[in-house]
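Worksheet: the structure to be examined is printed underneath.
Any read-out appearing in this document is the output of simple, stated calculations on the displayed coordinates, not a laboratory observation. As the structure is a prediction and not an experimental result, all values here were calculated from the model. Glycine gets a Cβ as well: all are built from the backbone with ideal geometry, and neighbour counts include every protein chain shown.
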Amino acid sequence: MSEKYVNYYIEMVTNTMQDAVLRNISLQTNLKISDEAIGELNQKVEELESIVENLRKETSSSQQIASDQVRTISENKDRIIEDLRKEINNLSSVKHEYENVRHQVQHVDTFRNELIRERDEHQKTRDDYESKIKSLNEQINYLQLTPAKRKKIDENKLITTSTIINPIEDGGSF
């Protein structure tokens, strides 16, 4: 039995050894595959962390740029609003001045119309006085004439007046 025992023992040790070697090889293969997969995953994690960091930087930069743009837009908006307020005030002032000038023009027009009316009245008065002066000069000239010349002029006036009054004689009177 001892030989049988030794044979079984050797067979068992051999089987156990083979099992252990196979398990060891299998574990080492799995370990290499796992190490390689872990290495690849670590590399991808590093790449993703790099991408995340770049995105954080870009986001921070974009936020800063956006904040600057918002601030610039807000400042521009405030400046434009202030400029528009100044323009409104200027236009209001110009409108007020325009209204004042318009009222002054109306007063000047009224004054001009009054002057024209007064000038016309003055011209009528002047014409009336000139006709009176002319009539009085004629009377002075008439009175300065000798009585014989006055009589002759009076006769001519009567003849002219009678022909003007009765230019057509119809042969009867009523």
Using Cα positions and a limit of under 27 Å, work out the lysines in reach of Lys57, with same-chain residues fewer than 8 apart set aside. Lys44
What is the Cα centroid distance between segment 30-47 and segment 55-82, reported in whole angstrom? 43
Options [x] 45, 37, 26; [y] 56, 47, 30; [z] 210, 43, 23 are given for Cα extents along the principal axes in Å, and the computed one is [z]
With the crude spin-label approximation of a point 7 Å out along Cα→Cβ, what separation in nm comes out for Lys77 versus Ser61? 2.7
Given the Cα-Cα distance of Asn24 and Ile153 and 0.36 nm per residue of separation, how much length would full extension add, in nm? 29.2 nm
Proximal charge balance of Glu118 [Cβ under 11 Å; K/R count +1, D/E count -1]: +1
Run a plain Debye calculation on segment 1-104 (Cα atoms as equal point scatterers, no solvent) and give log10 I(q)/I(0) at q = 0.10, 0.14, 0.22 Å⁻¹, rounded to two decimals, same order as the q list. -0.71, -0.86, -1.09
Inter-site label distance for Leu115 and Ile10 at 7 Å from Cα along Cβ, in nm: 15.1
